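A quick write-up on the structure given underneath.
The values are calculated or read from the model by the stated rules, or taken from the named source; none is laboratory data. All figures in this text were calculated on a predicted structure; none of them were measured in a lab. Cβ placement follows ideal geometry from the backbone for every residue including glycine, while neighbour counts extend to all protein chains displayed.
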Amino acid sequence: MAVDPLTERQVVERVAAELAAGRGGHIITPNVDICRTVAKDEALRRLVREAEVVVADGMPLVWASRLIGVALPERVTGADLIWSLSKMAARKGFSIYLLGGPPGVARQAGEELSSCHPRLNVCGYDAPPFDFDGTAQGRAGVRARVVAAGPKLVFVGLGFPKQDLLIEELRPELPGAWFVGCGSAIAFAAGTVHRAPDWMQSLGLEWLYRLTSEPGRLAKRYLVDDLPFAARLLGGCLVHYIRRRAR
């Protein structure tokens, strides 16, 4: 999976420039879980390849990049981008739309973002039921509400790949908008789910904080699926690093 060597600031600057030029795009922020999922599915690999911006949400990806000699400048998360892109949108006059989370959470996130950036235009919210994508009618209803609002920035927090498959359907209907697949970022912005302390994030331990907060939901994903994948990823990169240094 190719990951763009961009800082958060560079991502914001690129989105601002593209919006000003009338061009839309799609941001994907892969972590270990997304990489593991994509590795098993060619259609999802294509989806990631076609995104305009792909930046590393997970610290293991940053560490892996350093081991293979193509260091990424920093971790760039959807949870951070929802704030920095909203700040830019408020300054430039671009409207945003929040899609995802339990009922009321997107609206609460919009209120929190607007309290920090009073000029921000939150033009819509939606919290579709979990199985909305099970029928063409359910997907069409969600798309129709987004399109009717006419946003320039759409934060879609439905989890990968659901959020990004929906974005793929929405893009032809809003070709001048930017879409961010942001996972739990809407809940983080609303304050209904808390992020790990900064020191845990910098050490790549945010997954451990979330695991202790939601063990029933995340134990299998993190411990059974993601941890072995991360170990194989970093182990392979370490072998590459050792061989490169030995030349």
Any chance R195 is in contact with a helix residue (DSSP H, G or I) (Cβ under 8 Å, 6 or more places away or on another chain) and among the charged types (D, E, K, R): yes
Meets criteria (in a helix (DSSP H, G or I) and more than 22 Å from P161 (Cβ to Cβ)) for A64: no
Per-region count, the stretch 189-247, residues β-branched (V, I, T) and touching a residue at least 40 places away in the same chain (Cβ under 8 Å): 1
Enumeration of residues in the stretch 28-79 that are aliphatic (A, V, I, L, M) and farther than 26 Å from E168 by Cβ: M59, V62, A64, L67, I68, V70, A71
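Residues are listed down the side, and each one gets a yes or a no for (1) over 17 Å from the mean Cα position of the chain (by Cα); (2) of a type in the set (S, T, N, Q); (3) over 29 Å from L205 (Cβ atoms):
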| position | (1), (2), (3) |
| --- | --- |
| V53 | no, no, no |
| D57 | no, no, no |
| R75 | no, no, no |
| G78 | no, no, no |
| E111 | yes, no, yes |
| S115 | yes, yes, yes |
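Here is a yes/no grid of residues against (1) surrounded by fewer than 22 Cβ atoms within 10 Å (Cβ to Cβ); (2) touching a residue at least 24 places away in the same chain (Cβ under 8 Å); (3) touching a Phe, Trp or Tyr at 6+ places or on another chain (Cβ under 7 Å); (4) among the charged types (D, E, K, R):
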| position | (1), (2), (3), (4) |
| --- | --- |
| A2 | yes, yes, no, no |
| E8 | yes, yes, no, yes |
| L61 | no, yes, no, no |
| I82 | no, yes, yes, no |
| S95 | yes, yes, no, no |
From R66, R75, R45, residue being at pLDDT below 95 and among the charged types (D, E, K, R): R66
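Conditions (1) within 24 Å of R23 (Cβ to Cβ); (2) outside any loop (DSSP other than H, G, I, E, B); (3) at pLDDT 95 or above, marked per residue:
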| position | (1), (2), (3) |
| --- | --- |
| P60 | no, yes, no |
| K87 | yes, yes, yes |
| Q108 | no, yes, yes |
| P151 | yes, no, yes |
| V154 | yes, yes, yes |
Odd one out for L99 among (1) part of a loop (DSSP other than H, G, I, E, B); (2) within 17 Å of the chain's Cα centre (by Cα): (1)
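Results for (1) closer than 23 Å to K40 by Cα; (2) among the small types (G, A, S); (3) modelled with pLDDT under 95, shown as yes or no for each residue.
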residue	(1), (2), (3)
V180	yes, no, no
A185	no, yes, no
Q201	no, no, yes
E214	no, no, yes
F229	yes, no, yes
R247	no, no, yes
Lone qualifier among V48, V105 - being in contact with a Leu (Cβ under 9 Å, 6 or more places away or on another chain), surrounded by 16 or more Cβ atoms within 10 Å (Cβ to Cβ) and not assigned by TED's automatic domain parsing to the domain that holds Y241: V105
Meets criteria (surrounded by 14 or more Cβ atoms within 10 Å (Cβ to Cβ) and within 26 Å of V48 (Cβ to Cβ)) for D131: no
Selection count where residues are in a loop (DSSP other than H, G, I, E, B) and not acidic (D, E), scope the stretch 110-143: 10
Which listed residue, of L174, L223, is in contact with a helix residue (DSSP H, G or I) (Cβ under 8 Å, 6 or more places away or on another chain), in a helix (DSSP H, G or I) and aliphatic (A, V, I, L, M): L223
Residues satisfying the stated conditions in the stretch 156-169, i.e. in a helix (DSSP H, G or I) and not hydrophobic (A, V, I, L, M, F, W, C): K162, Q163, D164, E168, E169
